[in-house]
Amino acid sequence: MENKKFYITTPIYYPSDKLHIGHTYCTVATDALARYHRLRGEDVMFLTGTDEHGQKIEDKAAEAGVSPKEFVDRIVEGPQGVKDLWKLMNVSNDRFIRTTDDYHVASIQKIFRKMYEKGDIYKGTYKGKYCKPCESFWTESQLVDGKCPDCGREVQDAEEEAYFFRLSKYADRIRDLLENTDFLQPRSRVNEMVKNFIDPGLEDLCVSRTSFTWGIPVDFDPGHVVYVWVDALFNYTTALGLFNDQYHDYDHYWPADVHIVGKEIVRFHSIIWPAMLMSMEMPLPKHVFGHGWLLLDGGKMSKSKGNVVDPYILASMFGVDALRFFLMRTFPFGSDGNFSNELLIQTINTDLANDLGNLVSRTTAMAGKYFGGHLPEGCRSCAAPEPFDGELIGLASSLRGRYEEAMESFAPHKALDEVFKVIQRANKYIDECAPWVLAKDMDANGQRLAHVLYNLLETAQICGVLLSPFMPESCEKLFAQIGAAPDAQTWDSAARWGVLAETAAVTKGENLFPRIDMDKALAELEALEAAAKKAALPAVETEPQLTEKVDFDTFCKCDFRVVKVKACEAVKKSEKLLRFTLDDGTGTDRQILSGIHKFYEPEQLVGKTLAAIVNLPPRKMMGLESCGMLLSAVHTEHGEEKLNLIILDDAIPAGAKLC
Ligand code: ME8
């Protein structure tokens, strides 16, 4: 029999900036779901990618002084780019689409033409409001307090000749889809969509632009580019080979089983996307799931607000699995959650170091200490079982059912909660059985002790299987420590009690999740974040050149001369000032004060040949007179001010004029 297929996608990300922990949340959640379905033996296709067109990217590239393609290449393929991040986070996508890929571009042109030929896309004039950061057009009635209803930012008036998609034609079918099926989840999102968009009346959607060029050209009307959302949404099908020869599994995988998306793009996925699919007479995805946002200090993380958290830093400090686990365990999928480093550390310490880590390390350590790492045969059963044996065994062997129910309803946090109830029960079981007491009389209690440890290992095995979609690497280590053979790492084995071989080799390996010292870790994080922020600043920045012109005569009035440093000392009570005694070629010493102590020690400068302007009016500083100014070059490096005195060849005599 063919395996059940499961097609799951993440949104394709805008490579306009480095990705942050909010993006990581979305992709890790999708990855955990994809791994769960693979664990069940399904034929999974997991797609992610990047959405690379649109005005925002065009503007950002212009700001950076590179072409849009160079700009996106750097963020997608470059160091610490999108692909790097997914590799680091152990994301198991089967495919990665870039909307600038040729095959996608050609497919979109065919799709656009098809909807045009059908009459669902027509030419008109667009008048309305445009939100540049969201790349969304809005009607006056859709604005909230005159601002973009998605992001709350200012919108601009816009008018252009454009193509429109007959969204209004599909309004009734979309309402029916939302209200009468389980297409959109969680259910609360249905009410939002119906109330905000369907009830006020769906208007036709502007689907081409002429005000910029970084997009897929409409091939039958040059000058128009396809609206970025049309281009982006169809990625889910072009990446399977719809209207191209790059891939050939559209018929196999489409329709998608679920699109996982953030709540602000639910409108695109639950209204516009199904309407376009209806127009194309294509099957609709089975589900769209709109998850919540990770908030920082109550607001959405975004680069423009400057409040993003770098997943690279968190993963390097705490480990990839701990970070993946935290994201899925802490925030109910579907609701917003407040991210904080304290919460992250607390979760690692409580759930991973204390509960899971202790269960595994105590059990494997005792198996080593009392039985040399091999439990005796017969340990699966016990002559005199205690009531709490049955309680633990019952809870652990029924865990898979509860876990499955949660995972199938897109509630990974609930699935983890069920797993941790069992882990906590197992730790309590250790205290109830007190193996260390049993071990005092091995002749009398050896068999009972072995049975207790076997029960614990079995519990760890079941939990390990069910945790593996969330923490793949750590669970492999766990399996190695408890001696779980490959057939004890399967979905099947998680619902059967007694799958571990009785005499399998148990080894107390490295501590899976060491406890973290909160204060030390927070200080270290702060230092790493500050260093990363600094490194992200432009390497070298110089002041923009002045555009105002000076006439030549004015320039000639400035008397620049070569001077030699006869003496130099720090000015008392001043942190900044150095006092220079200079030979300016006149035979009389010249005194200049310069605020450059931060950059030079006085003894470095004695004997140097420098440049100065000598006809500035004298100025008093700290009670001393300064007659002129030394010339230096200034710039900024990683946000830090740098200064270099203009040091000349010693062969040039004092007093020589600079012109
Ligand atoms: O929307 N918490 O791309 P994108 C949770 N290109 N999720 C967050 C988040 C946060 N703080 N910040 C961002 C796009 N996300 C389009 C998608 S799909 C055909 C086109 C999520 O890079 C966000 O909700 O702006 C979205 O689901 C995803 O990251 C990509 O956002």
Just a yes or no: is a residue in region 156-171 closer than 27 Å to Y130 by Cα, without any contact (Cβ under 8 Å) to a residue 12 or more places away in the chain and open to solvent by 30 Å² or more (accessible area, probe 1.4 Å)? no
Within region 1-37, residues farther than 20 Å from H413 by Cβ and either among the β-branched types (V, I, T) or more than 14 Å from the ligand (Cβ to nearest atom) (or both) come out as M1, E2, N3, K4, K5, F6, Y7, T9, I12
Could we say that S340 is at pLDDT 95 or above, of a type outside the set (V, I, T), within 15 Å of the ligand (Cβ to nearest atom) and surrounded by fewer than 16 Cβ atoms within 10 Å (Cβ to Cβ) here? no
With the first residue restricted to region 1-22 and required to be under 25 Å from F326 (Cα atoms), and the second required to be assigned to a loop (DSSP other than H, G, I, E, B) and near the ligand (Cβ under 7 Å from one of its atoms), Cβ contacts under 6 Å at 6 or more apart or on different chains are I12/D51; Y14/D51; H20/M301; G22/M301
For helices (runs of 4 or more DSSP H) lying entirely in region 298-396, having 2 or more residues that are under 21 Å from the mean Cα position of the chain (by Cα) picks out 311-318, 320-330, 341-347
Restricting region 192-242 to residues that are of a type in the set (G, A, S) and open to solvent by less than 10 Å² (accessible area, probe 1.4 Å), the one nearest to the ligand (Cβ to nearest atom) turns out to be A232
Checked K83, K56, K60, K69 against criteria (away from the ligand (no atom under 16 Å from the Cβ) and basic (K, R)); the one match is K69
Q: State whether the residues of region 253-273 include one that is polar (S, T, N, Q), surrounded by fewer than 23 Cβ atoms within 10 Å (Cβ to Cβ) and under 28 Å from E117 (Cβ atoms).
A: no
In region 2-22, anything over 14 Å from W86 (Cβ atoms), among the hydrophobic types (A, V, I, L, M, F, W, C) and open to solvent by 10 Å² or more (accessible area, probe 1.4 Å) is listed as F6
Within region 76-130, of all residues that are in a strand (DSSP E or B) and of a type in the set (S, T, Y), the one surrounded by the fewest Cβ atoms within 10 Å (Cβ to Cβ) is T125
message = Just to be sure before I move on: is D31 on the phi < 0 side of the Ramachandran plot and open to solvent by less than 10 Å² (accessible area, probe 1.4 Å) in the structure I sent?
response = yes
When restricted to G298, G290, G390, G373, the only residue within 29 Å of P469 (Cβ to Cβ) and open to solvent by 40 Å² or more (accessible area, probe 1.4 Å) is G390
**Study point:** Residue match in region 445-463 (condition: aromatic (F, W, Y), open to solvent by less than 40 Å² (accessible area, probe 1.4 Å) and closer than 30 Å to M89 by Cβ)
**Key:** no
Original post:
Would a scan of region 544-561 turn up a residue that is closer than 24 Å to G623 by Cβ and either charged (D, E, K, R) or open to solvent by less than 50 Å² (accessible area, probe 1.4 Å) (or both)?
Top reply: no
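The values are calculated or read from the model by the stated rules, or taken from the named source; none is laboratory data. Values in this document were obtained by computation on a predicted structure and should not be read as measured data. Virtual Cβ from ideal backbone geometry, glycine too; neighbours counted across all protein chains shown. For accessibility, only protein heavy atoms count, side chains too; no ligands or nucleic acids. Shrake-Rupley method; radii C 1.70, N 1.55, O 1.52, S 1.80 Å.
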